[in-house]
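The values are calculated or read from the model by the stated rules, or taken from the named source; none is laboratory data. What you see is a predicted model, and the numbers here were worked out from it, not measured in a lab. All Cβ positions, glycine included, derive from the backbone under ideal geometry; neighbour counts span all protein chains shown.
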Amino acid sequence: MRKIHVIGIGAGDPDQLTLQAVKALRSTDVFFILDKGEVKSDLVRLRRDILDAHLPDRAYRLVEARDPERDRAAGGAGYSPAVGDWRSARADIYERLIAEELGEDQSGAFLVWGDPALYDSTLGILEEILDRGAVAFDYDVVPGISSVSALVARHRTGLNRVARPVQITTGRRLAEGFPEGVDDVVVMLDAHQIFQKYADQDIDIYWGAYIGTPDEILASGPLAETAPRIAELRAEARERKGWIMDTYLLRRRPRG
Ligand SMILES: C[S@@+](CC[C@H](N)C(=O)[O-])C[C@H]1O[C@@H](n2cnc3c(N)ncnc32)[C@H](O)[C@@H]1O
């Protein structure tokens, strides 16, 4: 039976690979690397660097494929169908890779950014392929250090306050309103700096871009005064690198 490892590789620092991840790398015959286009080629390079660092004898095969483009213009009601189409297009590619590039008794691996359990579609895609029934395989999941863990570690703070909940959400959701019943909110996938919408409230922000990489940028403080600085840092970084990847924690100060 074909075997697939879904390996969390951490959010940017190759030292964030766990020992379990290294063991999984060493038991893999074929690595599948999905290229998301030129702007993200840094991320592909990092995956290659990880393989070079941990498998110096190169006794593996690397298969690269181009990730399908997602219709990012689709908003509102069109958002979910656009994501569904994109996921199915990815499932077609993954299915072909597994069926054609992996021998019956071989093991393959997908190297997933951060933790495969957080805002990543690999597990859903593998389940979709199994449901289709055209190719059979077994798979396991190796957890990774997420950008959320990396963010709070770099700011030397916790995710939650004592006995309080924390919510992880997206920029798209935050744009609809600050989540009810929580005062600590982690925001990912925010291309539009939605935090600015809450700059008139008593909230602190802990922000990080390219966390764990040589380009890492951190900023923190009261939202009112930190939001404009983050906007500048973001604009400069985007200009320089052509793309940005950032995450932040919004922490509402105790009332009264
Ligand atoms: C598709 S999600 C993948 C999350 C990933 N599975 C994880 O565990 O971190 C991509 C989002 O993760 C966040 N992200 C990932 N790596 C990051 C990094 N090194 N620095 C800052 N944010 C990062 C950003 O919010 C980005 O928009």
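Miscellaneous remarks
- Candidates in region 8-51 are the residues that are within 13 Å of L111 (Cβ to Cβ) and free of Cβ contacts under 8 Å to residues at least 24 places away in the same chain; of these, the one that is nearest to the chain's Cα centre (by Cα) is V44.
- In region 190-215, the residue that is farthest from the ligand (Cβ to nearest atom) out of those that are under 25 Å from D115 (Cα atoms) and among the acidic types (D, E) is D215.
- Residue count for region 161-189, restricted to those that are surrounded by 15 or more Cβ atoms within 10 Å (Cβ to Cβ) and more than 16 Å from the ligand (Cβ to nearest atom): 5
- Residue match in region 216-224 (condition: within 16 Å of the ligand (Cβ to nearest atom) and within 19 Å of V166 (Cα to Cα)): yes
- Test result for G221, within 28 Å of D13 (Cβ to Cβ), modelled with pLDDT under 95 and of a type outside the set (D, E, K, R): no
- Among the candidates T226, T213, the residue that is within 23 Å of D13 (Cα to Cα) and not in a strand (DSSP E or B) is uniquely T213.
- Evaluation of F110 against the conditions (1) surrounded by fewer than 16 Cβ atoms within 10 Å (Cβ to Cβ); (2) closer than 15 Å to V30 by Cβ; (3) within 16 Å of the ligand (Cβ to nearest atom) shows that the sole unmet condition is (1).
- Screening E127 with (1) within 15 Å of the ligand (Cβ to nearest atom); (2) within 26 Å of A24 (Cβ to Cβ) gives one miss only, at (1).
- Counted residues, region 229-256 - those being in a loop (DSSP other than H, G, I, E, B), within 16 Å of the ligand (Cβ to nearest atom) and within 29 Å of G181 (Cβ to Cβ): 1
- T226 being of a type outside the set (D, E), in contact with a strand residue (DSSP E or B) (Cβ under 8 Å, 6 or more places away or on another chain), surrounded by 17 or more Cβ atoms within 10 Å (Cβ to Cβ) and closer than 28 Å to A117 by Cα: no
- Filtered residue count, region 142-157, keeping only those that are farther than 16 Å from I168 by Cα and within 15 Å of the chain's Cα centre (by Cα): 3
- Within region 141-174, being under 26 Å from G124 (Cα atoms) and assigned to a loop (DSSP other than H, G, I, E, B) holds for P143, G144, I145, S146, V166.
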